[in-house]
1. When the chain is treated as a GNM, springs tying every alpha-carbon pair under 10 Å, which of THR94, THR81, THR241 comes out with the largest mean-square fluctuation?
2. Among SER173, LEU321, ALA63, which residue has its Cα furthest toward the positive end of the charge dipole of the chain, with +1 on Lys/Arg Cβ and -1 on Asp/Glu Cβ?
3. Under unit Cβ charges (Lys, Arg +1; Asp, Glu -1), what dipole magnitude, rounded to 20 debye, does the chain have relative to its Cα centre?
4. Going by alpha carbons, how many degrees (0 to 90, nearest 10) lie between the helix axis of 154-175 and the longest principal axis of the chain?
5. So what's the net charge close to ALA272: Lys and Arg +1, Asp and Glu -1, counting the other residues with Cβ under 12 Å from its Cβ?
6. With everything on Cα atoms, drop me the angle between helix 285-298 and the longest principal axis of the chain, reported from 0 to 90° to the nearest 10.
7. With a 10 Å cut-off between alpha carbons and a GNM built on the chain, which of LEU166, LEU105, LEU196 moves the most?
8. Using modelled amide H (1.01 Å from N, peptide plane; none on Pro or chain starts), what sits under 5 Å from the amide H of GLY77, excluding residues fewer than 5 places away?
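Every number here is computed from the coordinates shown, using simple stated rules; none is lab data. Quick caveat, the model's predicted, so the values are computed rather than measured. Cβ coordinates were reconstructed from backbone atoms using ideal geometry, including for glycine residues, and neighbour counts include every protein chain displayed.
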Amino acid sequence: MKTLKKILLWFLGIIAVIVVGAYLLPKTYKVERTIYIKAKNNVIYDLTANFGKWVLWVPWTKAMDSTAVFEIQGREGEIGTTWKWEGKKMGDGTMTSTEYQPGKLIAYDLAFQKGAYKSKGRIEIESGDSCKVSWIDEGDLGDKPLARYMGLFMGKMMGPDFEKGLAKLKKISEERNGWPKIEEVVIPAQQVIYILDSAGPKDYATVMGKAFSELDGFLKGSRLKQNGAPFATCLKWDSVTMFSVMNICIPVEKVEKGKGRIKLMSIPQHNAVQAIYFGSYAKTESAYRALAQYMKESQKVETAGPSEIYINDPMSVKDTLKWETHIVFPVK
């Protein structure tokens with residue numbers, strides 16, 4: 001009996017030491033990992049400020065848990081946007097954006113197990129020759145002894161995932177450093193005059209120059225007002241011969257009829273992904289590749305052929321590096 005009593009006292013003593021020891025431990029924790037990325041801060045910010053792009057670089061994807069279901073509610077760059085997930089391995093969680101500083105910071109609230117565990121996270125971007133990117137998570141462990149002891153291991157539990165994520169973010173950001181600016185836009189409804197024509201690599205300039213000259217002459221002769229930059233829309237494209245069938249267009253305010261091969265067309269409002277490219281028209285291939293990759297990653301589906309919108313006139317802007325072209329893919 002005395003032995004049993006001693007064992008019980010020893011057991012209670014150990015419990016007391018564990019409990020008292022827990023309250024001597026920090027009430028809060030902080031996990032922080034940093035990496036240097038040789039890319040523009042806006043490139044890094046774009047990949048971190050949009051929850052839809054986190055799947056490109058964080059470890060927590062279907063590759064980790066094939067049962068995981070993800071859902072984003074809200075709009076990119078808007079406070080209160082949430083990213084929710086649930087899976088057998090990953091459990092359930094919700095990330096809610098709380099602050100945006102373009103090019104500098106995104107902050108969020110994180111909750112697991114229906115809100116039983118909460119923390120605050122942020123990604124900080126410091127500009128330089130190489131941007132310093134810090135991923136930080138901080139939490140209050142409360143008064144539960146077990147939670148206090150868990151705080152000792154948060155770095156080991158979260159740190160490796162942070163390191164993997166930042167390494168992937170670095171790789172993707174540095175690959176995108178040469179990309180043109182890409183944005184998702186809404187193209188307003190337009191009325192255009194156009195000429196249907198075709199060309200190959202040897203006569204693009206001649207065919208398009210002639211068509212735009214005809215369209216411009218029709219504008220002036222009919223006293224019509226141009227209502228936007230001229231553009232060309234690809235209808236058919238042969239990747240081997242680089243032969244294209246296209247509509248060569250100029251937006252106008254109002255027109256009742258065409259003349260000869262000049263036709264009229266109304267284009268409804270539509271969603272699009274757009275790359276803003278500067279340089280020679282003959283070297284737009286890299287911009288098209290970047291757009292194709294962006295749409296694949298964003299799961300955008302092309303609904304029609306791409307358009308090239310010619311923002312400035314190459315006849316008056318002699319420096320080809322200043323030629324501005326918006327390459328637009330209609331998407332859904």
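1. THR241
2. ALA63
3. That gives a dipole near 860 debye.
4. Taking Cα atoms only, the helix is inclined about 10 degrees.
5. Values: positive: LYS300, LYS332; negative: GLU183, GLU184, GLU302.
Result for the local shell: -1.
6. Compared with the principal axis, the helix lies near 40 degrees.
7. LEU196
8. It is PHE51, by chain and number.
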